[in-house]
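Novice: The structure that follows is given in the form of structure tokens.
The values are calculated or read from the model by the stated rules, or taken from the named source; none is laboratory data. Since the model is a prediction, treat every value here as computed from it, not as a measurement. Here Cβ is always computed from backbone atoms with ideal geometry, including for glycine, and neighbour counts include all displayed protein chains. Please note that ligands, DNA and RNA were not included when accessible areas were found on the heavy atoms of the full protein model with its side chains. Shrake-Rupley method; radii C 1.70, N 1.55, O 1.52, S 1.80 Å.
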Amino acid sequence: MTKNQFTIQPGNALPLGVTKVADGVQFAIYLPDKRECYLKLFRKGHQTEQYRIPLTDEYRMGSVYFVHLRSKNTTSAFDIAEELSDKYEYVYEADGEDIVDPYAAGISGRDRWNRTDKMPVRGRICLKEFDWEGDYILRKPFHELVLYQLHVRGFTKHASSGVGKPGTFAGLQDKIPYMKDLGINGVLLLPVYDFEEKQGDKVNYWGYGVSDTYYFAPKAAYSSGENADEEFKETIKKLHRNGMEVILDFYFAPGTNLNLMTDCLRHWVLNYHVDGFRVNTEVMPSLTLASDPILSGVKLFSSYWDEEMLSGAGIHQADNCLAEYNEGFMNDARRFLKSDEGQAEAFYKRFYRHPDKVGVINFMTHVNGFTMMDLVSYDIKHNESNGERNADGTEYNYSWNCGVEGKTRKKAVLEQRKRQIRNALLMLLFSQGTPMILAGDEFGNSQEGNNNPYCHDDAVTWLNWKPTKTGEQIRNYVKQLIAFRTEHPVLHQAKALCMQDTLSCGLPGISAHGVQTWRPDFSNYSRILGVLLAGDYAQKPDGTSDDSIYIIFNMYWETKSFDLPTLPAGKEWHAAIETFDETFHVLPQTAVKQTKRSKNTKLGKQRATVVPPRSIVVFVSR
């Protein structure tokens, strides 16, 4: 690009960053309290700038500098936006210090993960048109989502992943058929913006660091080539084409400018078709998110939403897709799973929780903590390899090792662990909230007891895809559970469940039971729960009512006998799933053995069943 191809003149409009305008390109940056400022353009790969443009007062409005590079001949084939995107990088200089544009849509100098060289970091110019081929934000209802949380690098970096470009966006694309086959229709990606992974002598693996972070740019080290912008857009387009939403995890540092945070999230929605975000609302105010005209139309996850705020003015309830990232479910479900005292009622409330104003994201494991396999293999954390003398990471794991700490060959222990995993997955996937699976849990991935591997870029955090018998068993089980959940809308209803009989069908939408029906045992020593979901309250796609489902949780270490609720005449209970021995029955089938009849001859048979220790049985009425 030569000087006779463009002119330099003041720009005159937001947004910040680099944008394509009618006859050229505008650069805009907020530089408060700076005296001598320049825009410097570099040819890619060159150490010295080709153009150094003084930012005098004529380019300034308030504390923002606007520079318009205008094509001299708009009728020629020369496209200044394409020329800059293909061949140039940029930084600003302010009072002798180079400043990378915080609004840069791409970053150079960080193309290799955990680099050891001293390549200068600069902004990339990303103005080339991308062919979305009609792609759009999917807007799936929360009750239809099954989420999958993953780390882009760790998901495919291991040699066993079998992808062409391990540890990259392209590698993630190669795994789309796998996720689709599993039944996943939404991914929650750990930070994919350009963060600094080198922090002293450790690696910032997850990306939650707060220094040298460029929130507008896809991470260059996650690209298999030189264009992270295009590769990530292609990834989102392919995920959407396969029916999967894309949720991005954002961690804004305390003190981050509010306008930057808002502009950033809008940028990812408008330019990348992102379906939503998980954000830390202690830094970014809830009202700002929920009332924004663009952000209010995408999914927003946070650990807390102010219900009073949600009732206030300016909240677009028809468009809003707010959800609670629900660690409460994880803690209560884990404690019930491991047979702690006094957890039956707490788990029941988590199981059916379905607020009217926000969605609920339920999970048994997530990035910060044990994996599912470690949850049933370790009583305590083992974070010694983090270099902090095992002082980091939570002490409250609510885990049980099933009799042996860590690896073992004892068959009884291994069988119990698989049973506990089956129990945990059923608790999660049959709860009324939106379930989220941590990547790798579906085939027994372990982090060797490390519940805080924030600094591991190695076999501890990379998923090992090498097939194992146990891994295949768990994966097939997860696949069947998701299919069963999808088949039965009563397990994932669009509205809060009715605690009373509002349809005059003889049953409330949901009810709790004990060893005797209609008598829930919420005493401190109870480890049992029966949950009846009435099918009349949920419709299948063909307009017919769903089957009623009765789920019996026996978290005692001994066998228990349970009555089954009475059904209308002509219907009987059929065992569908038994976690004790990984059984999925084909329905309809012969009813369970009758042990007791109801005195009411107009109703179906009252039955009882025996549930083995630490297991769950699911019945379907047919």
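Novice: Using θ = phi - 60° and the Karplus curve 6.51 cos²θ - 1.76 cosθ + 1.60, what whole-Hz ³J(HN,Hα) does each residue of the stretch 204-215 get, with Gly and Pro shown as x?
Specialist: Couplings: 8, 5, 5, x, 8, x, 10, 9, 6, 9, 10, 6 Hz.
Novice: A follow-up question, please. Each residue of the stretch 573-580 in order: what ³J(HN,Hα) in whole Hz does its phi give by Karplus 6.51 cos²θ - 1.76 cosθ + 1.60, θ = phi - 60°, with x for Gly and Pro?
Specialist: Those phi angles translate into 7, 10, 5, 10, 9, 10, 7, 4 Hz.
Novice: Alpha carbon centre of the stretch 390-441 versus the stretch 477-520: separation in Å?
Specialist: Using only Cα atoms, the two centres lie 25 Å from each other.
Novice: Local charge sum around residue 251 (other residues, Cβ-Cβ under 15 Å, Lys/Arg +1, Asp/Glu -1)?
Specialist: The answer is -4.
Novice: OK, next. Of the listed values [x] 39, 28, 25; [y] 52, 26, 20; [z] 37, 32, 27, grab the one calculated as semi-axes √(5λ) of the Cα gyration tensor in Å from the structure here.
Specialist: [y]
Novice: Probe 1.4 Å, all protein chains in place: accessible area of residue 475 in Å², nearest 10?
Specialist: Roll a 1.4 Å probe over it and residue 475 shows about 40 Å².
Novice: So, in Å, what gap is there between the alpha-carbon centers of the stretch 221-293 and the stretch 23-99?
Specialist: So the separation of the two Cα centres works out to 26 Å.
Novice: May I ask you to give the percent of accessible area on the chain that is carbon plus sulfur, with a probe radius of 1.4 Å?
Specialist: The computed percentage sits at 48.
Novice: Could you list which residues have their amide H under 5 Å from that of residue 21, counting only those 5 or more apart in sequence or on another chain, with H placed in the peptide plane?
Specialist: Close amide H contacts, sequence-distant or interchain: 26.
Novice: Return the calculated 222 nm mean residue ellipticity for the chain, to the nearest 500 deg cm²/dmol, obtained by summing -39500 (n - 2.57) across DSSP H runs with n ≥ 4 and dividing by the residue count.
Specialist: -6000 deg cm²/dmol
Novice: At 20 angstrom or more along the helix axis (alpha-carbon based) and mean Kyte-Doolittle of 0.0 or higher, what helices does the chain contain? Whole DSSP H runs only.
Specialist: Span-like helices, by this rule, are 258-272.
Novice: Leaving ligands, DNA and RNA out of it, rank 462, 557 by accessible area with a 1.4 Å probe, largest first.
Specialist: Largest accessible area first, the list is 557, 462.
Novice: Enter the accessible area per residue of the stretch 379-450 (Å², integer; probe 1.4 Å; all protein chains in place).
Specialist: Here the residues of the stretch 379-450 average 42 Å² of exposed surface.
Novice: Leaving out ligands and nucleic acids, note down the accessible area per residue over the stretch 130-197 with a 1.4 angstrom probe, in whole Å².
Specialist: For the stretch 130-197, the solvent-accessible area averages 33 Å² per residue.
Novice: So how much accessible area does residue 499 have, in Å² to the nearest 10, using a 1.4 Å probe?
Specialist: Rounded to the nearest 10, the figure is 90 Å².
Novice: Under 5 Å between amide hydrogens, which residues at least 5 positions from residue 186 or on another chain qualify, with H placed 1.01 Å from N in the peptide plane?
Specialist: 146, 148, 245
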